[in-house]
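Since the structure comes first, as structure tokens, the remarks are kept for the end.
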């Protein structure tokens, strides 16, 4: 049998029909004298969808990888922005706590000063009442 190969298919000629007696692998003179064996064509037809599925699968996988990469970049951007906001809020909290402590310290100092002045005033009044007769 004389046969050539094209895309993994076996070409048969009208000579092969005479040798093998198999019409399924015979060449057709109306079609230019070259035809492929039916089994090989069926095999190719089965492989083609498989190859397309693999190609589509690769494209889908590539597309999913691109989407995942995009989502990862978006997530990283959001994380960076939230970290920046968190740092800003922490700084504001520290400032407010510092301001509150300063106000508390000022309040305590004012209360101590008031108490001290009240005691001094009380002592002066007491001395004035004791020495009232000297002032007259």
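Okay, residues lined up against (1) loosely packed, with under 10 Cβ neighbours inside 10 Å; (2) in contact with a strand residue (DSSP E or B) (Cβ under 8 Å, 6 or more places away or on another chain); (3) part of a helix (DSSP H, G or I); (4) modelled with pLDDT of 90 or more:
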{"position": "15", "(1), (2), (3), (4)": "no, no, yes, no"}
{"position": "18", "(1), (2), (3), (4)": "yes, no, yes, no"}
{"position": "56", "(1), (2), (3), (4)": "no, no, yes, no"}
{"position": "69", "(1), (2), (3), (4)": "no, no, yes, yes"}
{"position": "75", "(1), (2), (3), (4)": "no, no, yes, yes"}
{"position": "83", "(1), (2), (3), (4)": "no, no, yes, yes"}
{"position": "97", "(1), (2), (3), (4)": "no, no, yes, yes"}
{"position": "108", "(1), (2), (3), (4)": "no, no, yes, yes"}
{"position": "118", "(1), (2), (3), (4)": "no, no, yes, yes"}
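On the stretch given as segment 120-136, residues that are surrounded by 10 or more Cβ atoms within 10 Å (Cβ to Cβ) and assigned to a helix (DSSP H, G or I) total 9.
The values are calculated or read from the model by the stated rules, or taken from the named source; none is laboratory data. No experiment lies behind these values; they were computed from the predicted model shown. All Cβ positions, glycine included, derive from the backbone under ideal geometry; neighbour counts span all protein chains shown.
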